[in-house]
Amino acid sequence: MNKNVLLTLVCIVVNLTLLAQDNLQQKDLEPVVITDSAIVYPESMQENLSDLLRAWQLDLSKSETECKRGQNVVFHDSIYVSRLYSMPTEIEMSYNQVVRSYIDMYTVRRREQVSYMLALGDYYFPMFEAALDRHGLPLELKFLPVIESALNPVAVSRAGATGLWQFMLRTGKGYGLEVNSLVDERRDPYKSTEAAVQYLKDLYTIYGDWNLVIAAYNCGPGNVNKAIARSGGKRDYWDIYYHLPRETRGYVPAFIAANYVMNHYSDHHICPVHMFDTTGAALDTIHVTEQIHFEQIAGVLDVSVGELRRLNPQFRKDIVPGNYKSYALVLPSEKMYAFIHQNDSIINYDRSRYFTHRTHTLDGASMDGSGEDVIYRVRRGDNLSTIAQRNGTSVARLRSMNGLRSDRLSIGQRLIVGKRAVETTRDNSSKEVQLAQASSDGNTTTVNTYYRVRKGDTLGAIAQKNGVGVSQLQSWNGLRTSRIGIGDQLIVKQETVPVAKEENEQDVSETDREERTVDSNIISEYLKKQMNKTDEGQSETEEMEAAADTNTRDSYPEGEGTSLNENGSIESGALSENGALPENGEEE
């Protein structure tokens, strides 16, 4: 009995000891809660975390190592319905046979294209999502460029729609995108995305239904308004389906199918194909204020022209026209310091090869084109008319010299307002050939060559350029000193040339010869008037041509209606206040 009691006590003591140890271990494992909100991670830790995150993104994007390639898997309709209806979106994802046909197109006939788009999406989709989120729009709209351009930033439709979001020229300009011979911001991923998001937001203000918005993005709000009217005022996409243009009927189903495929591609054994690293490389942006060619950057920095084009598709001719205005240039972050440090070397690298300009002007300073541009920076309150008057030129000539299509100017914009002649000693415009008074024998005449004094000229320099002495110039021009003023007209050469006699001309007396003496002053004034008429005629001709060009542009619409090309191109018109297209009409 005593032994049993003793054993029982021993067991109790042992159990209590074990329980106490267990409690101590649990107490040691309890986390310590820190409520200090001012904790800042060391910079080195943040950098390491960024590197880890970038490596994780890169590994994640290269999913072809984990993705199982194979033949397409066809699912029952109920599976497609379940997957579409379970998507976390406010956009209605309907399912029918039209949607099914587009799903089959992406998963069967265009599997390879989907593979490339999945890889490109690693680069573009975060950009689209950020812009959509800023404006409070559904993130699923990021898949619109899949059917618009197949995520090709330089895609151009048959109708001229351009870029990831396939903006027509007028619509793009209406949303602030710059388009000229060297720059097309419809191809700029960032700026075109901002414009597209604003356009979608404006359309939603009109319709309040995302399927109608997507349809209007494709065919224009005017066509959607007509379809609504023809359906008796119904405002559901599927109710107006048969009243829409034929090309637009498949646009919303294609959008729904794109959402499905981009989310369930692995279920159909489709894997991303990475042509280049779309997520691992860190990028940075710098504003360029000088004219630079991509070949110059590639020649100095260890970066290919192809990569520069991929990162900056908005520059149509591989030229950044920073001398016109400041432009943003995207570069790999690792190249940014070298670009800044070697900026002068880049600008001067083989410059004559890429930027050889031939300028021509009818300005009084130079007619052979050997001159440099006179630049004027636009100030607050300026307009083309006042700038033209201030610089002694015409509005039409300003437009022509600067490639302007409208009178809109921005503060700080640089305009070419004329030409300044350089290193030209005997220009046609500064050379006025005049017939002087005939010599006493009547068989010769003196021809003077004139030069108009410019800023920086001295009498000695003019004499040296024209191969004469200073004293000779003073003698020809009646100068007592070497002082000259800008605009003065100087004789820099005199030549005596024979005067041909007419066949029926007979010897005449000295008196008759004096009567036939040519008045050099009269002829000089006559020649000046003829030159002025030439300048005025040129200005009038340019004004007439500019007016004709404007009328011609306004006479032709961007294109009738809209169509979905092979890549699903958008050809929408600019949005007016009432939701209709502009007055020149792109719809029937």
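Values in this text are rule-based calculations from the coordinates and carry no lab data. Here the structure is a predicted model, which means the values were calculated and not measured. Here the Cβ positions follow ideal geometry from the backbone for every residue, glycine too, while neighbour counts run over all protein chains shown.
Less than 5 angstrom separates the built amide H of Val183 from those of Arg316, all sequence-distant by 5 or more or on a different chain. When the trypsin sites (Lys or Arg not before Pro) in the stretch 233-340 are filtered for DSSP coil states and for at most 15 other beta-carbon atoms within 10 Å of their beta-carbon, the remaining sites are Lys234, Arg235, Arg316, Lys317, Lys325. Alpha-carbon geometry of the stretch 283-354: the Rg and the Dmax are 10.8, 30 Å, given in that order. Database remark: amide H of Gly322 closer than 5 angstrom to the amide H of Glu290, Gln291, Ile292 (H placed geometrically; neighbours at sequence offset of 5 or more, or on other chains; Pro and chain starts carry no H).
In this label model, Gln489 and Asp302 are separated by 6.4 nm, measuring between points 7 Å along each Cα→Cβ vector. Peptides 373-381, 169-177, ordered by how many other C-beta atoms sit within 10 Å of their residues on average, highest first, read 169-177, 373-381. Derived scalar couplings between HN and Hα for the stretch 69-74 equal 6, x, 6, 5, 9, 9 Hz in order, rounded to whole Hz, by the Karplus curve 6.51 cos²θ - 1.76 cosθ + 1.60 (θ = phi - 60°), x for Gly and Pro. Packing order of peptides 97-106, 183-192, 458-467, highest average first: 183-192, 97-106, 458-467 (average count of other Cβ atoms within 10 Å over each peptide's residues).
In the structure shown, the pairs Lys173/Lys226; Lys173/Lys325; Lys191/Lys335; Lys191/Lys317; Lys142/Lys191 are assessed against 21 Å; a Cα-Cα span above that value is assigned to Lys173/Lys226; Lys191/Lys335. Note that the stretch 171-188 has calculated 3J(HN,Hα) couplings of 5, x, 5, x, 9, x, 8, 7, 9, 8, 5, 9, 10, 9, 6, 5, 8, 7 Hz, one per residue in order, obtained from phi through the Karplus relation 6.51 cos²θ - 1.76 cosθ + 1.60 (θ = phi - 60°); glycine and proline are x.
A protection proxy built from the mean count of other Cβ atoms within 10 Å ranks the segments 250-258, 448-456, most packed first, as 250-258, 448-456. Couplings 3J(HN,Hα) for the stretch 208-213, derived from phi with the Karplus relation 6.51 cos²θ - 1.76 cosθ + 1.60 (θ = phi - 60°), are x, 9, 5, 5, 5, 4 Hz, where x marks Gly and Pro. Near Glu372, the amide H atoms lying under 5 Å from its own belong to Arg420, Ala421, Val422; only residues 5 or more places off or on other chains count, and H is placed 1.01 Å from N. This model, with +1 at the C-beta of Lys and Arg and -1 at the C-beta of Asp and Glu, gives the stretch 86-212 a dipole about its Cα centre of some 420 debye. The magnitude of the dipole of the stretch 56-268, with charges of +1 and -1 set on the Cβ of Lys/Arg and Asp/Glu and taken from the Cα centre, is near 680 debye.
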